[in-house]
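The values are calculated or read from the model by the stated rules, or taken from the named source; none is laboratory data. Note that the structure is a prediction, hence the values are computed from the model and not measured. Every residue, glycine as well, gets a Cβ built from its backbone with ideal geometry; the counts of neighbours run over all protein chains shown. In case anyone asks, the SASA skips ligands and DNA or RNA and just uses the protein heavy atoms, side chains included. Shrake-Rupley method; radii C 1.70, N 1.55, O 1.52, S 1.80 Å.
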Amino acid sequence: MAGAVMPVLYAMVATMITFLLTSLGACSVFFVRKNIRQNVQCLFLGFAGGVMIAAAIWSLLIPGIEAAQAQKQIGWFVAAGGFLLGVLLLLFVDYFMRKKMQKFRLRTKEQNLSKSTFMLILAITIHNIPEGMAVGMAFALAGSHPSDANLMSGAIALAVGIGIQNYPEGMAVALPLLKEGISKKRAFLYGTLSAAVEPLFGVIAAIIAGMVQSVMPLLLAFAAGTMIYVVVEELIPEAHLGEKENVGTLGFVVGFLIMMILDVALG
């Protein structure tokens with residue numbers, strides 16, 4: 001009984017740490033001005049887009065292809081299929097908001113939340129699901145083989161890497177919310193909650209590790225599709241609405257480089 005419980009406990013603790021690091025990133029809203037100038041807003045949006053594109057490539061698509069190949073699946077086929085499913089999901093969400101709810105606004109106590117910001121939060125939340133599952137499965141495997149120190153050290157390294165990557169993702173959710181007029185406390189809350197799925201799905205994956213492993217490559221590519229759709233459809237256009245169009249581009253470059261370096265160095 002204890003042998004079955006320990007992997008789940010490990011997964012819960014590890015994913016709670018990755019969750020808390022997202023919260024730490026979301027804390028950045030308390031160190032910027034409430035009324036953000038348009039050019040600074042564009043910088044934040046570009047930064048969020050850069051973080052999401054880099055995460056989609058190095059945290060999701062490449063690991064998804066490698067995991068599929070390790071399971072004797074056709075890596076490019078699984079990745080392409082999952083990616084298209086993610087895009088189709090957000091195409092449907094976008095269509096629903098445009099056609100069925102043309103004046104879509106997600107109401108908060110202070111302000112209406114625009115469609116673009118809502119979809120940003122949705123995409124990053126979806127992307128956190130397979131990350132939490134990956135950590136959960138790694139610790140489930142390590143907990144099932146306690147004599148193999150390499151498995152445990154690998155699981156810890158994975159959790160640390162994902163946790164550190166979550167820091168800029170927390171920023172990528174929380175900072176654009178300020179341009180919507182959302183209070184700093186509520187922007188911090190939304191940024192934190194975007195990673196709340198990690199502990200939940202990490203524990204689920206640890207419980208059913210054998211069943212989940214075969215579909216993980218598809219889930220990783222699915223999350224990548226949702227993120228890239230939001231960046232191309234929503235963030236990049238809005239990041240170029242300022243007086244200086246290159247501000248959004250520079251923000252994108254900075255976000256992309258930071259996330260790429262974190263993914264490659266910690267991968």
Fill in: Whole-percent carbon and sulfur share, accessible surface of segment 187-267, 1.4 Å
75 percent
Worksheet item: Where does helix 197-207 land angle-wise versus the long Cα axis of the chain, in degrees 0 to 90, nearest 10?
Response: 20 degrees
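Counting heavy atoms of the protein chains only and a 1.4 Å probe, report the per residue accessible area for the chain as a whole number of Å².
48 Å²
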Worksheet item: Counting Lys and Arg as +1 and Asp and Glu as -1, each charge on the Cβ, what is the dipole of segment 185-267 about the Cα centre in debye, to the nearest 20?
Response: 280 debye
Worksheet item: Roughly how many whole Å is it from the C-alpha centroid of segment 38-57 to that of segment 185-225?
Response: 22 Å
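How big is the equivalent ellipsoid of segment 144-204 along its three axes, where each semi-axis is √(5λ) from the Cα gyration tensor, reported in whole Å from largest to smallest? Numbers along the way, then the final one.
Numbers: eigenvalues 219, 29, 7 Å².
Listed largest to smallest, the semi-axes of segment 144-204 are 33, 12, 6 Å.
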Worksheet, complete the sentence: Of the residues GLY202, ASN150, PRO176, the Cα lying farthest along the dipole of the chain towards its positive end, which is defined by charges on the beta carbon of Lys, Arg, Asp and Glu, belongs to PRO176
Practice prompt. Above 23 angstrom, tally the Cα pairs of segment 153-264 and express them as a % of all pairs, no decimals.
Written response: 41 percent
Fill in: Dipole axis of the chain (+1 Lys, Arg; -1 Asp, Glu on Cβ), positive-most option in SER214, GLY75, GLY248
GLY248
Fill in: Lysine pairs in the chain with Cα atoms under 23 Å, if 8 or more residues apart or on separate chains
17
Worksheet item: With axes computed from alpha carbons, what is the tilt in degrees of helix 2-26 against the longest principal axis of the chain, rounded to the nearest 10 within 0 to 90?
Response: 20 degrees
Worksheet item: How would you classify segment 29-99 from its alpha-carbon gyration tensor, with a ≥ b ≥ c the square roots of the eigenvalues: rounded for a/c under 1.5, else prolate if a/b is greater than b/c, otherwise oblate?
Response: oblate
Worksheet item: Expressed as an acute angle from 0 to 90° and rounded to the nearest 10, what is the orientation of the C-alpha long axis of helix 38-54 relative to the principal long axis of the chain?
Response: 20 degrees
Worksheet item: Roughly how many nanometres apart are two label points built 7 Å out from the Cα toward the Cβ at LEU91 and PHE31?
Response: 4.1 nm
